[in-house]
Amino acid sequence: MSATPTKLDPKPLAVAVPAAAPAEASDKAPPNRRVIGIVTVIALVALGVGGRMWYRSHHYVETENAYVSGHVTPVSARVPGVVTRVLVEDNQAVKAGDVLAELDPADQRVKVEQIEAQIASAEQQVLQSDATIAQVKAQASGAQAQVAQSQAQLMRANQDAERYGQLYNTQMKAVSKAELDAANAARAGATADLAARRDNALAGQAQVAAAGSAREVLKSQVKVLQTQLKDARQQLGYNQIVAPVAGRIGRRSVEVGARVQPGQQLAAIVQDAVWITANFKETQLAGIAPGQAVHVVIDAMPDHPLVGRVDSFSPASGNQFALLPADNATGNFTKIVQRVPVKIVLAAADVRKLGGRLVPGMSALAEIELRQSMAKPAAAAPAPAASH
């Protein structure tokens, strides 16, 4: 019985010794090549991405703060009135001069007829004034003839008085004293009559001048009325609301029966010509120059990349045109990188290919390669641009 345990003790030892050998072998196994390959690929990709980012940061500038811009012309009424017809619909293409809506012309027509009647009345008054002028001229001519007659009578009276004076003196009494007195009285009467006739002639001339002035006043009134008539006819023409430019109708708010006021916006016309307004950071402007090519991608049409040209720079940053620009003179100043709008023009052929799908307000991505052949002749351009 005592010998049995001594025979079984070596078996567990024999089993334990072979179990330790595989553990030592696994510690000395070579590293997994698949893991090394994955790590190497990740490192190469990271190196490539970093190199690409470094290269693009030194040779390209781009911004997502870019939008499609265009001319949006408001259409408004110039005279008050009630809308009787609306001839356009939303998104409809129109040409310059096309009638968009019509107002009731009754009020303007009444005003035109009233002014025409006033003009006819004033013209008749002018004709009456012409007749009056002719009459007073005839009276003035008669008064002038009477002046000549009075002058002749005064001359005769003077001669009679002189003769009677010679015939009645201290040495000779050929005529009576009464006859001499009568001759002197006749001379005095002729002198007074001549003065009166001259005054009448002057009064006639003054009447002629007054009648001529009255006629000129009437003619001036006719001209004023004719000007008012021209204005009234223009007001009558304003009852037709026409398109000032060619484009497409948008934001139409006018309906038949509505009463509109002068200056009230009834619709908007979006012109076909569009461009890109890209807001670049001020730190990106040093390498940008007018004439450089710009790669533009519209968010709504990523499969239709466009190529534009830098046209011009804004005269001030966007903050300067804000309603409440920042006051940098305060004590809690924080420097913020400003953005300057850059106008980028597109080729008209590229815009037409999109069939009117490129409209103002769309978001875009603008990218400019700094090392372009256009940048060399325009090397002086970035200096004023950066000063903005």
Within the stretch 198-216, identify whether any single residue is exposed (fewer than 15 other Cβ atoms within 10 Å of the Cβ) and within 19 Å of residue 159 (Cα to Cα), and answer yes or no.
-> no
Expected output for the stretch 181-193 (first residue in the same structural domain as residue 150 (by the TED database), partner of a type in the set (Ser, Thr, Tyr) and in a helix (DSSP H, G or I), Cβ below 7 Å, 6+ apart or cross-chain) is 183/164; 190/150; 193/150
Do any strands (runs of 3 or more DSSP E) entirely within the stretch 1-109 hold 1 or more residues that are in contact with a Cys (Cβ under 9 Å, 6 or more places away or on another chain), modelled with pLDDT of 65 or more and closer than 15 Å to residue 240 by Cα, and if so, which?
-> none
Evaluation of residue 248 against (1) in the same structural domain as residue 343 (by the TED database); (2) assigned to a strand (DSSP E or B); (3) not aromatic (Phe, Trp, Tyr) (one fails), failing number = (1)
Quick one: in the stretch 328-346, which of the residues that are touching a strand residue (DSSP E or B) at 6+ places or on another chain (Cβ under 7 Å) and either modelled with pLDDT under 90 or of a type outside the set (Lys, Arg) (or both) is nearest to residue 302 (Cα to Cα)?
-> 346
Is it the case that residue 273 is in a strand (DSSP E or B), among the aliphatic types (A, V, I, L, M) and out of contact with any strand residue (DSSP E or B) (no Cβ under 6 Å at 6 or more places or on another chain)?
-> yes
Mind checking which pairs have a first residue in the stretch 317-335 that is touching a residue at least 60 places away in the same chain (Cβ under 8 Å) and surrounded by 10 or more Cβ atoms within 10 Å (Cβ to Cβ) and a second that is in a loop (DSSP other than H, G, I, E, B) and not acidic (Asp, Glu), Cβ under 6 Å, 6 or more apart or different chains?
-> 317/338
Is it true that residue 221 is surrounded by 14 or more Cβ atoms within 10 Å (Cβ to Cβ), more than 30 Å from residue 110 (Cα to Cα) and of a type outside the set (Ser, Thr, Tyr)?
-> no
Across the stretch 279-331, the tally of residues that are among the hydroxyl-bearing types (Ser, Thr, Tyr) and in a strand (DSSP E or B) stands at 1
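Which of the following residues is at pLDDT 80 or above, outside the structural domain of residue 290 (by the TED database) and not small (Gly, Ala, Ser): 224, 270?
Exactly one residue qualifies, and that residue is 224.
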Looking only at residues in the stretch 348-359 that are assigned to a loop (DSSP other than H, G, I, E, B) and modelled with pLDDT under 90, which one is nearest to the chain's Cα centre (by Cα)?
-> 356
Cβ pairs under 6 Å, 6+ apart or interchain, first in the stretch 257-275 and free of Cβ contacts under 8 Å to residues at least 24 places away in the same chain, second surrounded by fewer than 18 Cβ atoms within 10 Å (Cβ to Cβ), ordered by first then second residue, are none
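The values are calculated or read from the model by the stated rules, or taken from the named source; none is laboratory data. Source: prediction; values computed, not measured. When we count neighbours, we look across all protein chains shown, and the Cβ atoms used for this are built from the backbone with ideal geometry, even at glycine.
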